[in-house]
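Scroll down for the structure; my scribbles are underneath it.
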Amino acid sequence: MSLPPLSVILAAPRGFCAGVDRAVQIVERLLESRGAPVYVRHEIVHNRFVVESLEKKGAVFVDELDAVPDGATVVFSAHGVPKSVPAEAKRRGLLHVDATCPLVAKVHLEAARHAGAGDQIILIGHAGHPEVIGTMGQVPDGRILLVETRADAETVMPETPDKLAYVTQTTLSVDETRDIVAILKRRFPALAGPKREDICFATTNRQAAVRAIAAECDAVWVIGAPNSSNSRRLVEVAASAGCADARLLQGAEEIDWASLEGVSRLGITAGASAPEVLVEGVLAALAERRTLAVETARHVVEDVTFKLPPEVRKPAAAG
């Protein structure tokens, strides 16, 4: 019996970004060189499949440093941490390796620079997200005001509107952030910002790629975790770009088969912390029920890599 046809459009780029790949490599190399256990403060990236895969290799994920025994190795997640965390690790003599994405570290430096210049800082981001907590922890309490929405931008009241700067979380909606910045600049003409936008290239590229296919798809599936900011933004972008059925799923086990009734063109992408094996699993599950015609819609080619920290670099081979 022939299976009903389904056209699948894969957005590209999708999945792992350079910062996520670097963070996962750091944990894997430490496990290889130092042996298990290697402790990781918070999820190394926001994806349970990745976390559970590393746990099977000997990584131990903890909420705070007080769960890390003396003398152990601990890794800080890709989202970044407040200054107090490495300070505490140093005080305890823990071997700590910072897996903060270099683009998040750039935002940390910007915040510290503005604070050092006496500026009050507006941080555009989502309350409670580890990246926001880490950025706010780079400067003294009270120096950063958090703005989450356009409405917040219309009502925020800085103490020094003439000495004001903004930074942003790296995984936000490009369009919404642009609107928020425009409101802030209208209200505070002296507002200073980064020379290059803080939203990372991977977030921007993945949003542009899904935006390009959304309107021509009956449904768009974003493979990613519910606590992944960049994955949730991809769902929002697909919906705003004209797809009536945009949804997030962690993997093939979460496919709602009833939702595929009447769908002839399905767009698929993956958040920056979702490995390609999860996309492959979804395609394999689809192939059991539909005859697939798969094409890739490539927006740009990403060839960026980030250097690993010296603690995990392999020594050069002797010549």
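The values are calculated or read from the model by the stated rules, or taken from the named source; none is laboratory data. For clarity, every value in this text was computed on a predicted model and none was experimentally measured. Cβ coordinates were reconstructed from backbone atoms using ideal geometry, including for glycine residues, and neighbour counts include every protein chain displayed.
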So how many residues does segment 75-95 have that are over 22 Å from the mean Cα position of the chain (by Cα) and not in a helix (DSSP H, G or I)?
3
Just one of the numbered conditions (1) among the β-branched types (Val, Ile, Thr); (2) touching a Leu at 6+ places or on another chain (Cβ under 7 Å); (3) farther than 28 Å from residue 14 by Cβ is not true of residue 183; which one?
(2)
Of all residues in segment 282-306 being over 23 Å from residue 47 (Cβ atoms) and free of Cβ contacts under 8 Å to residues at least 12 places away in the same chain, the one that is surrounded by the most Cβ atoms within 10 Å (Cβ to Cβ)
287
What residue, of 98, 119, 63, is of a type outside the set (Val, Ile, Thr) and more than 19 Å from the chain's Cα centre (by Cα)?
119
Report those helices (runs of 4 or more DSSP H) wholly inside segment 96-199 carrying at least 1 residues which are at pLDDT 95 or above and closer than 21 Å to residue 75 by Cα.
102-116, 130-136
Can you confirm whether residue 234 is within 21 Å of residue 51 (Cβ to Cβ), outside the structural domain of residue 111 (by TED's automatic domain parsing) and either free of Cβ contacts under 8 Å to residues at least 40 places away in the same chain or among the aliphatic types (A, V, I, L, M) (or both)?
yes
Mind listing whichever residues of segment 251-281 are surrounded by 19 or more Cβ atoms within 10 Å (Cβ to Cβ) and under 20 Å from residue 227 (Cα atoms)?
251, 268, 269, 270, 271, 272, 273, 274, 275, 278, 279
For segment 67-86, indicate whether the set of residues that are more than 29 Å from residue 39 (Cβ to Cβ) and out of contact with any Cys (no Cβ under 6 Å at 6 or more places or on another chain) is non-empty.
no
Just to be sure, is residue 109 out of contact with any helix residue (DSSP H, G or I) (no Cβ under 9 Å at 6 or more places or on another chain) and of a type in the set (A, V, I, L, M, F, W, C)?
yes
Is segment 28-46 home to any residue that is touching a residue at least 60 places away in the same chain (Cβ under 8 Å) and small (Gly, Ala, Ser)?
yes
How many of the residues in segment 89-112 are without any contact (Cβ under 8 Å) to a residue 24 or more places away in the chain, closer than 29 Å to residue 162 by Cβ and buried (at least 16 other Cβ atoms within 10 Å of the Cβ)?
0
Scanning segment 42-71 for residues that are surrounded by fewer than 17 Cβ atoms within 10 Å (Cβ to Cβ) and aliphatic (A, V, I, L, M), the one farthest from residue 141 (Cα to Cα) turns out to be 60
